[in-house]
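For reference, the structure discussed in these notes is given below.
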Amino acid sequence: MSVPAVATTRQTVTRMPLEQALALEGEGVWDACSPFMSWAWHRAWADADADAARSEALVLRELSTVQAIFPVLVRDIRFHRVPVRALTWAIGDLGCPDHLDVPATPTADLAALVPLIEELEWDVVILSNLAPNARGAQRLAQAPAARGHAMQRQPLWACPYLDLPGDWESYLQRVTRSRRQALRYMEKNLHRRHAVTITDYDAGRVEEGWRWLVTLHQRRWARDGGDGAFRDPRVDLLHRRFARELARRDRLWLTSLDLDGEPAAAWYGFAHDDTVFFYQSGRDPRWERESVGQVLLAAMVRRAMERGFKRFDFLRGEDPYKRLWTTAARTTEEITVFRRGLRGRWLRGVEAVANVRARLRGRPNG
């Protein structure tokens, strides 16, 4: 049941089940942040994770216009080994979402959400994987701080990115001579030895493309004795449904590099605003020496330039292959709000001790 928590002649805040908030698909605020905070991601997650049934959303309206949607879930977690009730993003970290923020208009009065947030049962509010410029989350977290709740911020993941020039040759002139020669050689060598084609899997072929992606991804990981990113059935289901919705919106980049008629490498990403996000890939170990994965990645970077995108985002993790493309990175962060009172102050002490121990060990906390 929807429960108005704040109501004036112009503004209302309503607490509702997440499924009801997902019925607000047409509201523009759903797509105001990153692809991982979009309606499409939440819809796919809700279909894949049983936690969706317990999730809620706080919806802020100005007159009849939705100004903000805050999808949340209260979870029992371990906070530095201490059991706590935590108010978190509904989607959690399933599928490794990055660059999150509160879906809201720039002028939304996010402080109006705080009285309803205070009514929920939590010891800490944890908003993880935030974009560096997550203005909505920052504004929302500052409001409870003004009401006596303590807030802290800390860095999380480095997300390398490449600012794209207008064309491929311009990019090649930016890199070292050896790197430029390597990129050109890998492509020419592959075309000299094989019939090479690039296959795109659009809305009518998403399932086929997804099967190739998962198959080639698992083959690559099996070679090293691992299971890969899609070993959790929930992650596989989430991304398959997300991919289908992106294809419907013409934002999906699901592609294979085929040698002599058979996929040898696959690539999965998506477009949002002026950015292409690289999520996952796979390749057949039989073609490791042919550098099929690097050739396909180069083709996707070149395509992004040709289509006028401004940024290519490699998402979290500083894998060595990403540093072949760029030295630039954005760092996501986490905001924690401690409920005012004795328990909140004690948990702040627990956090402080954990931070000291992490520094002594020479690594960041979190």
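The values are calculated or read from the model by the stated rules, or taken from the named source; none is laboratory data. As the structure is a prediction and not an experimental result, all values here were calculated from the model. Glycine also receives a Cβ, built like all others from the backbone with ideal geometry; neighbour counts cover every protein chain displayed. Side chains are part of the model used for accessible areas, which takes the heavy atoms of the whole protein and leaves out ligands, DNA and RNA. Shrake-Rupley method; radii C 1.70, N 1.55, O 1.52, S 1.80 Å.
Points to keep in mind about this one:
- Check on L216, closer than 20 Å to R43 by Cα, surrounded by 16 or more Cβ atoms within 10 Å (Cβ to Cβ), in contact (Cβ under 8 Å) with a residue 40 or more places away in the chain and in contact with a Lys or Arg (Cβ under 9 Å, 6 or more places away or on another chain): no
- Only one of R15, R43, R10, R75 that is surrounded by 21 or more Cβ atoms within 10 Å (Cβ to Cβ) and among the charged types (D, E, K, R): R15
- Residue list for segment 83-136, filter: closer than 20 Å to A40 by Cβ, open to solvent by less than 10 Å² (accessible area, probe 1.4 Å), of a type in the set (A, V, I, L, M) and touching a Phe, Trp or Tyr at 6+ places or on another chain (Cβ under 7 Å): I91, L100, V102
- Matching residues, segment 24-66, being out of contact with any strand residue (DSSP E or B) (no Cβ under 9 Å at 6 or more places or on another chain), part of a loop (DSSP other than H, G, I, E, B) and at pLDDT 90 or above: D49
- Scanning segment 264-292 for residues that are of a type outside the set (F, W, Y), open to solvent by less than 10 Å² (accessible area, probe 1.4 Å) and closer than 19 Å to M186 by Cβ yields A264, A265, A266, G282, D284, V292.
- Those helices (runs of 4 or more DSSP H) of segment 96-188 in which 3 or more residues are within 30 Å of W346 (Cα to Cα) occupy 114-119, 135-145.
- In this structure, A299 does not satisfy being open to solvent by less than 40 Å² (accessible area, probe 1.4 Å), closer than 21 Å to R205 by Cα and either hydroxyl-bearing (S, T, Y) or without any contact (Cβ under 8 Å) to a residue 60 or more places away in the chain (or both).
- First in segment 152-170 and touching a residue at least 60 places away in the same chain (Cβ under 8 Å) and within 13 Å of K310 (Cβ to Cβ), second anywhere and open to solvent by 40 Å² or more (accessible area, probe 1.4 Å) and part of a loop (DSSP other than H, G, I, E, B), Cβ under 8 Å, 6 or more apart: D163/K310; L164/K310
- Scanning segment 189-211 for residues that are closer than 18 Å to G282 by Cβ, in a helix (DSSP H, G or I) and open to solvent by 30 Å² or more (accessible area, probe 1.4 Å) gives E207, E208, R211.
- Candidates D258, D236 - the one that is open to solvent by less than 60 Å² (accessible area, probe 1.4 Å) and more than 20 Å from L190 (Cα to Cα): D236
- Residues of segment 326-344 satisfying the condition of being closer than 16 Å to A146 by Cα and touching a residue at least 60 places away in the same chain (Cβ under 8 Å): I335, T336, V337, F338, R339, R340, G344
- The condition of being surrounded by fewer than 20 Cβ atoms within 10 Å (Cβ to Cβ) and touching a Pro at 6+ places or on another chain (Cβ under 7 Å) holds for P155.
- The lone criterion from (1) modelled with pLDDT of 95 or more; (2) under 20 Å from the mean Cα position of the chain (by Cα) left unmet by R177 is number (2).
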